[in-house]
Amino acid sequence: MSFDHDSLELLAEALRTLERGFDGLPPAPPRLDREAARAALLAAAKRMTDNYPYHHPLYVGQMLKPPHPVARLAYALSLWINPNNHALDGGRASSAMEKEAVAAIARMFGWETHLGHLCGGGTMANFEALWVARELRPGAAVAASAQAHYTHARLSAVLGVPFRTIAVDGHGRMDAAALEQELAAGGIGTVVATLGTTAAGAVDPLPEILDLRRRHDFRLHVDAAYGGYFILAGNLDAPARRAYDRIGAADSIVLDPHKHGLQPYGCGCVLFADPAVGRFYRHDSPYTYFSSPDLHLGEISLECSRPGAAAVALWTTLRLLPLQRGGTFARGLEAGRSAALALHQALEQDRRFAPLLVPELDIVVWAVRAASARAASARARQVFDAAAQRDLHLALSAFPRAMLEAAAPVRDWDAGEITCLRACVMKPEQREWLPEILRRLDAASGPPA
Ligand SMILES: Cc1ncc(COP(=O)(O)O)c(C=O)c1O
């Protein structure tokens, strides 16, 4: 396995271009003790080898995708300036780039107007969305499915907002009937629909949830931190397609460019349909907002300092790979989904395994068949370890009986949940690597129980 070194030449060329922009200044060369820096850097490189090989196609574990080379280069390039997108005096160009990149994401969801910005990640983005929701619906509860990201319950607690868990159906999607019951009981101010759950990649039934909004008054937040970009994919099944087609009806949306958007970590995005919610952010910062009457991004975000580098990397990536259906970026997502389907089909043919759901996006989950639920969990852990020894890196996740029963992995339910194997097939090249992935899984799994 070799890393891409060639693209570093592009960085050197871009750096010279950036440098020329400051030619008029008297020289102020940096002082660097090269030998000491070299030793420190090589020590860091050595330490970093103690990681799973996230970048490699044989890593199909967690939701981890390598940044695009151009994102990596643009991020590094911007560090020679190190802009801060809190205020325009800290990051004039990079703030403009952030506004353009965020507007492109909003347009992807069909929004020509919006209020939004980048932030540290999905948790921070959801936090802002739930905070604005609380300001608009004081005292009312947040409702999200049992498969929603765990942080929604925690963020609600931080905000002092009651939280209600809505049951999921056999597909891991929010059960619209269960939601209706909770809505009828009263007290819910905000419903969180997850388009792409973290564990199984399930897509909540947005059209049905929107139907309920006609009868019950609530705010709709869509957590599409992981799944949002799939709106561009041309190979979704009908239920997921229908959900994505209605995403523009939400009041707020969260999407993480650092998951499927080919960005380094530290890049989440929150969007609001109504720009007027900017009033909740109103504050003064006498130290920073003096340089321009134009909008400083700090005026519409909860965080103060933020890396302009994240905006530069995202803007550059979008310039290379626009958010278009049928475009190169969309084809990458489609490759992941078709790899997930192919993996699911292969697992279905294997009597050792019981795949739970037809993947809606690019996450595949399967139980290892055994006599009892506990034994199935133990078998999954064994396969996980044996696969890792063969350089095939999977993930583990527990699922409730309600989501497992249709796959019938066990006869004896001696536990309410089973730890399953999970694969996030997020790298487009994993479609070609599938035979090798399956060979290693086969070797790691041994004979049927
Ligand atoms: C659906 C969903 N929401 C929120 C988050 C939290 O995002 P982050 O880890 O960027 O804070 C995740 C992370 O996997 C997620 O999948």
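The values are calculated or read from the model by the stated rules, or taken from the named source; none is laboratory data. Please read all numbers here as calculations on a predicted model, not as lab measurements. Cβ coordinates were reconstructed from backbone atoms using ideal geometry, including for glycine residues, and neighbour counts include every protein chain displayed.
Brief remarks follow.
- Filtering region 42-71 to residues that are assigned to a helix (DSSP H, G or I), surrounded by 10 or more Cβ atoms within 10 Å (Cβ to Cβ) and aliphatic (A, V, I, L, M) leaves Leu42, Ala43, Val70, Ala71.
- Subset of region 165-193 that is of a type outside the set (Gly, Ala, Ser) and part of a loop (DSSP other than H, G, I, E, B) - its residue that is surrounded by the most Cβ atoms within 10 Å (Cβ to Cβ): Arg173
- Across region 135-160, the number of residues qualifying as out of contact with any Ser or Thr (no Cβ under 8 Å at 6 or more places or on another chain) and either basic (Lys, Arg) or away from the ligand (no atom under 12 Å from the Cβ) (or both) comes to 10.
- For region 204-225, filtering for residues that are assigned to a loop (DSSP other than H, G, I, E, B), away from the ligand (no atom under 11 Å from the Cβ) and under 20 Å from Leu357 (Cβ atoms) leaves 1.
- The residue pairs whose first member lies in region 431-449 and is in contact (Cβ under 8 Å) with a residue 24 or more places away in the chain, whose second member is assigned to a helix (DSSP H, G or I) and surrounded by fewer than 13 Cβ atoms within 10 Å (Cβ to Cβ), and whose beta carbons are closer than 8 Å, counting only pairs six or more residues apart or on different chains, are Ala444/Gln389.
- Within region 328-414, strands (runs of 3 or more DSSP E) holding 2 or more residues that are touching a residue at least 40 places away in the same chain (Cβ under 8 Å) and crowded, with 20+ Cβ neighbours inside 10 Å: 353-355, 363-368
- Subset of region 240-287 [modelled with pLDDT under 95 and either assigned to a loop (DSSP other than H, G, I, E, B) or within 13 Å of the ligand (Cβ to nearest atom) (or both)]: Arg282, His283, Asp284, Ser285, Pro286, Tyr287
- Single unsatisfied condition, Arg107 versus (1) basic (Lys, Arg); (2) part of a helix (DSSP H, G or I); (3) without any contact (Cβ under 8 Å) to a residue 40 or more places away in the chain; (4) away from the ligand (no atom under 16 Å from the Cβ): (3)
- Filter result for Arg213 (touching an Asp or Glu at 6+ places or on another chain (Cβ under 9 Å), modelled with pLDDT of 95 or more, farther than 26 Å from Ala398 by Cβ and surrounded by fewer than 24 Cβ atoms within 10 Å (Cβ to Cβ)): no
- Yes/no for Gly234 being in a helix (DSSP H, G or I), more than 16 Å from the ligand (Cβ to nearest atom) and of a type outside the set (Lys, Arg): no
- Index of the failed condition, Ala129 passing every other in (1) among the small types (Gly, Ala, Ser); (2) within 16 Å of the ligand (Cβ to nearest atom); (3) assigned to a helix (DSSP H, G or I); (4) surrounded by fewer than 22 Cβ atoms within 10 Å (Cβ to Cβ): (4)
- Tally of residues being part of a loop (DSSP other than H, G, I, E, B), more than 19 Å from Gly172 (Cα to Cα) and of a type in the set (A, V, I, L, M, F, W, C) across region 415-441: 1
- Test for Thr123: is it farther than 30 Å from Ala238 by Cβ and within 16 Å of the ligand (Cβ to nearest atom): yes
- Only one of Gly228, Gly196 that is within 11 Å of the ligand (Cβ to nearest atom), at positive phi and surrounded by 18 or more Cβ atoms within 10 Å (Cβ to Cβ): Gly196
- Just one of the listed residues (Ala87, Ala101) is among the small types (Gly, Ala, Ser), surrounded by 22 or more Cβ atoms within 10 Å (Cβ to Cβ), farther than 30 Å from Leu421 by Cβ and in the same structural domain as Thr316 (by TED's automatic domain parsing), and it is Ala101.
- Whichever residue in region 132-146 is crowded, with 24+ Cβ neighbours inside 10 Å and under 21 Å from Gly201 (Cα atoms) and, among such residues, is farthest from the chain's Cα centre (by Cα): Ala143
- For first residues located in region 213-229 and more than 14 Å from Phe272 (Cβ to Cβ) and in contact (Cβ under 8 Å) with a residue 40 or more places away in the chain, partners that are among the basic types (Lys, Arg) and within 11 Å of the ligand (Cβ to nearest atom) and lie 6+ apart or on another chain with Cβ distances below 6 Å form the pairs Tyr226/Lys259.
- Restricting attention to region 174-191, the residues being within 23 Å of the chain's Cα centre (by Cα) and either in contact (Cβ under 8 Å) with a residue 60 or more places away in the chain or over 24 Å from Asp245 (Cα atoms) (or both) number 1.
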